[in-house]
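Peer 1: I'd like to ask you about the structure that follows.
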Amino acid sequence: MHKKFNKVLSFRAVCAALAVVIAAFAMGAPLIASAIKDGARSPVVVIDPGHGGADSGVIGVRTGAKESDLNLKVARLLGEYLQSGGFKAVFTRTNDSMHSYPGIKDNKKRADMFYRGDVINSARPAAVISVHMNFYSSAARRGAQVFFDPTDPNSHDFADLTQEILNRDINVELGGREYSALGAEKYILSCSHYPAIIAECGFLSNPLDEAKLVDPAFQARLAYTLFQAVVIFLTSQEHSA
Ligand SMILES: [Zn+2]
């Protein structure tokens with residue numbers, strides 16, 4: 001059954017986990033993973049930079065920035081944070097390309113998605129984050145929004161938590177609004193039974209969001225926010241296990 005994150009509880013979890021994050025970075029040691037899984041293997045997180053190669057995703061209205069490039073940049077930064085914190089980061093792609101898949105010749109996108117699904121399932125991760133940038137017909141829409149497979153309670157929890165942190169750290173300040181995480185039918189969310197979310201990090205259809213999304217400092221801030229979400233989610237799972 002889906003358990004809703006209580007605001008007070010999640011705030012406590014944020015404080016506790018942030019203390020761990022700060023301590024880990026201050027000491028330059030992989031303390032987070034050991035705090036989460038004492039003596040066990042490093043928790044694996046699959047990072048899925050959306051699109052790539054012929055599939056560039058959406059395009060920034062002002063700069064022409066390709067979503068696929070921005071996704072990869074944020075994904076790499078997230079991977080660096082995770083590795084610094086003692087996690088093992090597994091990427092579904094590390095360059096600007098699409099994967100092929102045995103037996104699928106007529107649909108490159110489908111082949112690429114199947115390949116990614118295989119990466120996720122063979123990594124047996126503690127969590128999966130697919131990084132994307134959004135686009136909407138109304139240029140006014142701004143902010144970061146999270147999606148999950150509505151049939152999976154763990155993914156729903158992970159999505160709610162991530163959305164809450166994105167609202168607090170990004171959306172309220174920049175977009176003046178909060179979002180709720182939304183259920184979505186997407187292959188990357190349903191191809192495994194591991195907790196998985198899509199983080200749409202902002203709107204390339206909005207010039208103000210776009211200016212942020214192409215800025216390396218903001219990309220790092222986004223990545224760090226997602227990193228916090230992973231740490232807090234896995235900590236909360238550990239405590240409820
Ligand atoms: Zn996308």
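The values are calculated or read from the model by the stated rules, or taken from the named source; none is laboratory data. Small disclaimer: the values here were computed from a predicted structure and weren't measured. Ideal geometry is used to build each Cβ from the backbone, glycine not excepted, and the neighbour counts take in all protein chains shown. These accessible areas exclude ligands, DNA and RNA; they are computed on the full protein's heavy atoms, side chains included. Shrake-Rupley method; radii C 1.70, N 1.55, O 1.52, S 1.80 Å.
Peer 1: Take the residues of region 39-69 that are in contact (Cβ under 8 Å) with a residue 40 or more places away in the chain, more than 10 Å from the ligand (Cβ to nearest atom) and among the aliphatic types (A, V, I, L, M): which is farthest from ALA111 (Cα to Cα)?
Peer 2: VAL61
Peer 1: Among the residues of region 98-121, count how many are within 16 Å of the ligand (Cβ to nearest atom), in contact with a strand residue (DSSP E or B) (Cβ under 7 Å, 6 or more places away or on another chain) and without any contact (Cβ under 8 Å) to a residue 60 or more places away in the chain.
Peer 2: Residues that pass the stated criteria total 3.
Peer 1: Hey, any hits in region 6-17 for a residue that's modelled with pLDDT of 50 or more and within 30 Å of ASN121 (Cβ to Cβ)?
Peer 2: Within region 6-17, one or more residues are modelled with pLDDT of 50 or more and within 30 Å of ASN121 (Cβ to Cβ).
Peer 1: For LEU78, are the conditions met, namely being open to solvent by less than 20 Å² (accessible area, probe 1.4 Å) and more than 15 Å from the ligand (Cβ to nearest atom)?
Peer 2: Values: open to solvent by less than 20 Å² (accessible area, probe 1.4 Å): yes; more than 15 Å from the ligand (Cβ to nearest atom): yes.
Answer is yes for this residue.
Peer 1: If you check LYS88 against the conditions, is it within 24 Å of SER122 (Cβ to Cβ), at pLDDT below 95, open to solvent by 20 Å² or more (accessible area, probe 1.4 Å) and of a type outside the set (S, T, N, Q)? Walk me through how you get there before you give the answer.
Peer 2: Details: within 24 Å of SER122 (Cβ to Cβ): yes; at pLDDT below 95: no; open to solvent by 20 Å² or more (accessible area, probe 1.4 Å): yes; of a type outside the set (S, T, N, Q): yes.
For LYS88, the condition - within 24 Å of SER122 (Cβ to Cβ), at pLDDT below 95, open to solvent by 20 Å² or more (accessible area, probe 1.4 Å) and of a type outside the set (S, T, N, Q) - is not met.
Peer 1: Can you name the number of the only condition in (1) in contact with a Leu (Cβ under 9 Å, 6 or more places away or on another chain); (2) open to solvent by 50 Å² or more (accessible area, probe 1.4 Å); (3) of a type outside the set (A, V, I, L, M, F, W, C) that ASP209 fails?
Peer 2: Result: ASP209 passes all but (2).
Peer 1: Return only the number of the condition from (1) within 16 Å of the ligand (Cβ to nearest atom); (2) out of contact with any helix residue (DSSP H, G or I) (no Cβ under 8 Å at 6 or more places or on another chain) that ILE188 does not satisfy.
Peer 2: (2)
Peer 1: If LYS88 meets every condition in (1) under 21 Å from PHE218 (Cβ atoms); (2) in contact with a strand residue (DSSP E or B) (Cβ under 6 Å, 6 or more places away or on another chain); (3) away from the ligand (no atom under 14 Å from the Cβ) apart from one, which number is that one?
Peer 2: Only one criterion in (1) under 21 Å from PHE218 (Cβ atoms); (2) in contact with a strand residue (DSSP E or B) (Cβ under 6 Å, 6 or more places away or on another chain); (3) away from the ligand (no atom under 14 Å from the Cβ) is unmet by LYS88, namely (1).
Peer 1: Now, a different point. Against the condition closer than 24 Å to LYS66 by Cβ, of a type in the set (A, V, I, L, M, F, W, C), crowded, with 18+ Cβ neighbours inside 10 Å and modelled with pLDDT of 95 or more, how does PHE158 come out, does it pass? Working first, answer last.
Peer 2: Details: closer than 24 Å to LYS66 by Cβ: no; of a type in the set (A, V, I, L, M, F, W, C): yes; crowded, with 18+ Cβ neighbours inside 10 Å: yes; modelled with pLDDT of 95 or more: yes.
The answer is no for PHE158.
Peer 1: Do the conditions hold for LEU182, that is, is it closer than 17 Å to PHE218 by Cα and either surrounded by fewer than 22 Cβ atoms within 10 Å (Cβ to Cβ) or not β-branched (Val, Ile, Thr) (or both)?
Peer 2: no
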